[in-house]
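Colleague: Mind having a look at this structure? Questions to follow.
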């Protein structure tokens, strides 16, 4: 997954660079880079505007899922599957709440 995210970062960066060159075809490479790519505390160049920063795919935390027990039967082991479903839904609920409050404050 981390290699795929790295490739996606590369593809997006190239697409943005081509867009910027097309938008400002009379300007030089350095001018374009200074206008759209700015340093942050952790990265040398990040695509930014005055208010927004484009996050890299490689900054995404990789989540590993637990495998279902091989001998589990959804028709017999209902308690096991209800527990798994509850854990999954509680994570989804906390993500939704975070996004809701982040949207309200932003």
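Colleague: If I filter region 77-86 for residues that are more than 28 Å from residue 4 (Cα to Cα), at pLDDT below 80 and either outside any helix (DSSP H, G or I) or under 16 Å from the mean Cα position of the chain (by Cα) (or both), do I get at least one hit?
Modeller: yes
Colleague: Within region 60-74, can one find any residue that is within 21 Å of the chain's Cα centre (by Cα) and touching a residue at least 12 places away in the same chain (Cβ under 8 Å)?
Modeller: yes
Let's see how each residue does on (1) in contact (Cβ under 8 Å) with a residue 60 or more places away in the chain; (2) part of a helix (DSSP H, G or I); (3) farther than 14 Å from residue 57 by Cα:
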position	(1), (2), (3)
4	no, yes, no
11	no, yes, no
21	no, yes, yes
26	no, no, yes
42	no, no, yes
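Colleague: Can I ask one more? Of 37, 19, 10, which residue is in contact with a strand residue (DSSP E or B) (Cβ under 7 Å, 6 or more places away or on another chain), farther than 30 Å from residue 84 by Cβ and surrounded by 10 or more Cβ atoms within 10 Å (Cβ to Cβ)?
Modeller: Residue meeting the stated conditions: 37.
The values are calculated or read from the model by the stated rules, or taken from the named source; none is laboratory data. All of these numbers come straight from a predicted model, not from anything done at the bench. FYI the Cβ positions are ideal-geometry reconstructions off the backbone, even for glycines, and counts take in every protein chain you see.
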